[in-house]
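Notes for the one structure printed next.
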Amino acid sequence: MLRKVGPSLSTELVERLVAEGVSADAARQRIARGARDFDVVKLAGVRFQHNARFLYLGDQFGDAPFWLAVERAFQRGGAAYWAAVTGMKARGGRVRLIDFPGVCGAPASRKGQYPPRHLLDRLIAIQLLEIEEIGEETYVKFRPHVYQCDTPEVLRARMLAESVALEGVRDWMRKLGFTSYQQTRIRGEDPAPEVSSIAWDLSGPSYIRPLARAGEVGLKPGFVVADINLRGLLDASAVAAMVRKHDMASALPTFPPIMPFLVAEAFTADGHSLAKQKGMLPTTTAQLLGDIIARALHELVDMLTNLGATVAVNPEHLDKVLRELTRIEGAADNLRGALFELAVAYLVKEVDGGFVKAGVQVKDPLTRRAADIDVLLDRPDGKSVLAIECKAKVPGNMVTLDQVRRWREDRVPVIYEALSAAGRYAGRSFSFEFWSNGRFRPDAAAWLADQAADPRFEIVWRDGDAVRAYLGLAKSGAITKIMNEHYFRHPLASLNKSAPVAPTGNQH
């Protein structure tokens with residue numbers, strides 16, 4: 001039967017036999033006997049409703065029909081696993097490990113419910129998910145090749161756009177009085193946005209009349225929560241996983257009311273209809289933040305992925321997106337950091353020439369360790385290869401000793417081994433540089449200066465003064481304008497004048 005119908009739940013096999021005229025007891029005995037006598041495997045460590053087990057033949061494991069059957073089994077008898085898998089698919093098959101609790105929608109601590117870590121461990125055990133470390137970030141991703149997995153570059157770009165949008169949504173909610181001004185949290189903050197022991201992208205207590213309740217002392221607030229997904233159209237399955245997440249949050253009879261928002265670029269007709277039917281509040285970035293901001297968010301992702309990969313981005317366009325998105329309160333610092341890489345990439349290409357890429361991921365073929373290169377310049381005429389680490393600093397903050405040590409001792413060796421193993425760079429000289437628009441703490445600059453020279457490559461670091469001097473070599477007024485207005489002439493720059501001064505950059 002398994003050869004005929006494919007991997008299935010034991011309860012499904014029983015139903016098929018009953019439909020053929022076999023009694024339920026006899027069907028269950030036949031299934032149990034077959035599982036002992038033939039090459040039948042049980043999916044390890046995953047339990048389904050009514051003690052059902054997922055059964056398959058040994059040679060059926062791992063292909064596309066197998067994983068489709070696993071998903072159907074989860075949907076029928078393993079809702080927590082189904083929600084985790086559906087949430088992963090809706091977010092492109094790869095998420096940061098710290099974001100998995102919100103993606104799977106499981107409560108961190110509740111009797112009778114699997115917590116996020118248990119779900120993750122079980123899905124890793126059956127080889128559906130895996131943990132991957134790239135540079136300083138740890139990801140959860142699908143392991144089978146039949147699933148699509150967005151690249152880390154695409155994920156980072158979308159996460160940045162979502163963080164900017166969340167700042168705008170928070171500002172909108174606070175100004176309208178939906179949530180408490182001081183207690184509205186968004187993803188990435190400490191404390192994290194959590195309601196009913198479930199992680200969200202945004203949460204805040206609300207004292208508006210439909211949500212608040214009279215307590216022993218004053219009003220007891222309800223909550224407004226929101227999740228955001230800017231990965232294109234949100235379909236009915238992604239919405240259904242969100243509905244389950246909200247149902248879980250509201251399941252406790254004594255818990256205050258919760259108002260759930262679901263923010264996306266757009267919804268399919270079925271997805272929007274389901275959200276409305278289930279009492280969710282489906283809304284788009286354009287509806288909440290306006291068409292101009294929504295378009296700028298989309299362009300931001302394009303710049304950091306498709307266009308930014310080869311820095312095929314117009315500096316005037318970069319300036320336009322920066323200006324539009326930095327109008328959102330709280331978004332400016334995140335944007336400056338991410339777009340500093342693009343600005344530096346455009347700058348070095350104009351000054352030095354050659355072929356430049358931003359946001360490059362490489363892997364040491366021997367150790368299999370991965371690292372990200374912020375800017376990689378292949379200088380013309382077979383000259384040296386330049387790899388730049390970019391750190392945009394808010395005025396008043398400085399590059400720390402810990403940051404330069406991680407770069408010099410961890411990233412530089414991995415990047416060197418990865419690039420030198422590539423045939424196109426054979427026989428080339430390498431230069432590794434650390435650029436910042438701010439200053440280096442004295443101990444960080446002193447540590448760099450004390451490091452012994454390495455005959456394999458050159459080490460250079462540039463602080464804001466050195467980067468500004470390099471900027472003077474550029475002919476483009478547009479890139480000079482971007483660097484000056486967004487990275488050097490910031491309104492808070494005067495606060496940095498009294499800060500301790502580290503030795504000037506351009507040292508090696």
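Can you tell me which residue in segment 55-68 is surrounded by the fewest Cβ atoms within 10 Å (Cβ to Cβ), limited to those that are in a helix (DSSP H, G or I), in contact (Cβ under 8 Å) with a residue 12 or more places away in the chain and hydrophobic (A, V, I, L, M, F, W, C)?
Ala64
Among Glu71, Glu130, which is the only one that is assigned to a strand (DSSP E or B), modelled with pLDDT of 95 or more, touching a helix residue (DSSP H, G or I) at 6+ places or on another chain (Cβ under 7 Å) and among the acidic types (Asp, Glu)?
Values: Glu71 fails: assigned to a strand (DSSP E or B).
Unique residue meeting the criteria: Glu130.
Taking only segment 135-157 into account, find how many residues are in contact with a strand residue (DSSP E or B) (Cβ under 6 Å, 6 or more places away or on another chain) and over 19 Å from Val85 (Cα atoms).
Count: 2.
Identify the single condition in (1) part of a loop (DSSP other than H, G, I, E, B); (2) open to solvent by less than 40 Å² (accessible area, probe 1.4 Å); (3) over 15 Å from Lys245 (Cβ atoms); (4) not acidic (Asp, Glu) that Tyr139 does not satisfy, given that it satisfies every other one.
(1)
When the residues of segment 243-257 are narrowed to those that are open to solvent by 20 Å² or more (accessible area, probe 1.4 Å) and within 26 Å of the chain's Cα centre (by Cα), which ends up nearest to Ser109 (Cα to Cα)?
So the first thing to find is which residues in segment 243-257 are open to solvent by 20 Å² or more (accessible area, probe 1.4 Å), and the list is 244, 246-248, 250-257.
Within this subset, residues satisfying the condition of being within 26 Å of the chain's Cα centre (by Cα) are 244, 246-248.
On the way: Arg244: 17, His246: 16, Asp247: 16, Met248: 12 Å.
Out of the qualifying residues, it is Met248.
Given the conditions (1) over 30 Å from Val243 (Cβ atoms); (2) open to solvent by less than 40 Å² (accessible area, probe 1.4 Å), which single one is not true for Glu350?
(2)
Consider segment 205-233. How many of its residues are at positive phi and open to solvent by less than 10 Å² (accessible area, probe 1.4 Å)?
Selection size over segment 205-233: 0.
Please go through segment 281-307 and give me each residue that is open to solvent by 20 Å² or more (accessible area, probe 1.4 Å) and in a strand (DSSP E or B), ordered by number.
Those that are open to solvent by 20 Å² or more (accessible area, probe 1.4 Å) and in a strand (DSSP E or B): Leu281, Thr284.
Exactly one of (1) at pLDDT 95 or above; (2) more than 30 Å from Ile186 (Cα to Cα) is unmet by Ala83. Its number?
So the condition that Ala83 fails would be (2).
Would you be able to say whether some residue in segment 394-402 is surrounded by fewer than 20 Cβ atoms within 10 Å (Cβ to Cβ), in contact (Cβ under 8 Å) with a residue 24 or more places away in the chain and farther than 20 Å from Asp333 by Cβ?
yes
How about segment 367-473: which helices (runs of 4 or more DSSP H) wholly inside it have at least 2 residues that are of a type in the set (Asp, Glu)? I'd like the intermediate steps shown before the answer.
Values: elements: 401-406, 412-420, 442-450, 464-471.
The qualifying helices (runs of 4 or more DSSP H) are 442-450.
Cβ-Cβ under 7 Å, sequence separation 6+ or interchain: first residue in segment 115-138 and basic (Lys, Arg), partner exposed (fewer than 15 other Cβ atoms within 10 Å of the Cβ). Which pairs?
Correct list of pairs: Arg122/Gly45.
Just wondering, is there one or more residues in segment 103-111 that are assigned to a helix (DSSP H, G or I) and open to solvent by less than 10 Å² (accessible area, probe 1.4 Å)? First the steps, then the outcome.
First, pick out the residues of segment 103-111 that are assigned to a helix (DSSP H, G or I): 103-104.
With open to solvent by less than 10 Å² (accessible area, probe 1.4 Å) added as a condition, the list becomes 104.
Scanning segment 103-111 turns up at least one residue that is assigned to a helix (DSSP H, G or I) and open to solvent by less than 10 Å² (accessible area, probe 1.4 Å).
Only residues that are at pLDDT 85 or above and small (Gly, Ala, Ser): list them for segment 303-357, please.
Ala343, Ala345, Gly353, Gly354
Only one residue in Arg28, Arg76 is surrounded by 14 or more Cβ atoms within 10 Å (Cβ to Cβ), in contact with a Phe, Trp or Tyr (Cβ under 8 Å, 6 or more places away or on another chain) and of a type in the set (Lys, Arg), so which one is that?
On the way: Arg28 fails: in contact with a Phe, Trp or Tyr (Cβ under 8 Å, 6 or more places away or on another chain).
Just a single option satisfies the conditions, and that option is Arg76.
Among the candidates Ala240, Ala266, Ala275, Ala236, which residue alone is open to solvent by 20 Å² or more (accessible area, probe 1.4 Å), in contact with a strand residue (DSSP E or B) (Cβ under 6 Å, 6 or more places away or on another chain) and modelled with pLDDT of 95 or more?
On the way: Ala240 fails: in contact with a strand residue (DSSP E or B) (Cβ under 6 Å, 6 or more places away or on another chain); Ala275 fails: open to solvent by 20 Å² or more (accessible area, probe 1.4 Å); Ala236 fails: in contact with a strand residue (DSSP E or B) (Cβ under 6 Å, 6 or more places away or on another chain).
After ruling out the rest, the residue left standing is Ala266.
Quick one: is Gln148 open to solvent by 50 Å² or more (accessible area, probe 1.4 Å), assigned to a loop (DSSP other than H, G, I, E, B) and closer than 29 Å to Leu300 by Cα?
Values: open to solvent by 50 Å² or more (accessible area, probe 1.4 Å): yes; assigned to a loop (DSSP other than H, G, I, E, B): yes; closer than 29 Å to Leu300 by Cα: yes.
So Gln148 fits the description; yes.
Name the residues in segment 36-54 that are open to solvent by 10 Å² or more (accessible area, probe 1.4 Å) and touching a residue at least 40 places away in the same chain (Cβ under 8 Å), would you?
Hits for segment 36-54 are Ala44, Gly45, Arg53.
What are the pairs with Cβ atoms under 7 angstrom where one residue, in segment 78-90, is touching a residue at least 24 places away in the same chain (Cβ under 8 Å) and farther than 10 Å from Arg244 by Cα and the other, located anywhere, is open to solvent by less than 10 Å² (accessible area, probe 1.4 Å) and among the polar types (S, T, N, Q)? Sequence gap at least six, or different chains.
Ala90/Asn229
Within segment 165-280, which strands (runs of 3 or more DSSP E) (wholly inside it) include 2 or more residues that are farther than 26 Å from Glu329 by Cβ? Step through it out loud before you land on a result.
Working: elements: 202-206, 222-234, 258-267.
Passing ranges, in order: 222-234.
With the condition kept exactly as written, say whether any residue in segment 160-178 is open to solvent by 50 Å² or more (accessible area, probe 1.4 Å) and over 24 Å from Gly290 (Cβ atoms).
no
Of the conditions (1) under 44 Å from the mean Cα position of the chain (by Cα); (2) in a helix (DSSP H, G or I), Gln29 satisfies every one except a single condition; which number is it?
So the condition that Gln29 fails would be (1).
The values are calculated or read from the model by the stated rules, or taken from the named source; none is laboratory data. Model, not experiment: these values are computed from the prediction. Note that each Cβ is placed from the backbone with ideal geometry, even for glycine, and that neighbours are counted across all protein chains shown. With ligands, DNA and RNA removed, areas are computed over all heavy atoms of the protein, side chains included. Shrake-Rupley method; radii C 1.70, N 1.55, O 1.52, S 1.80 Å.
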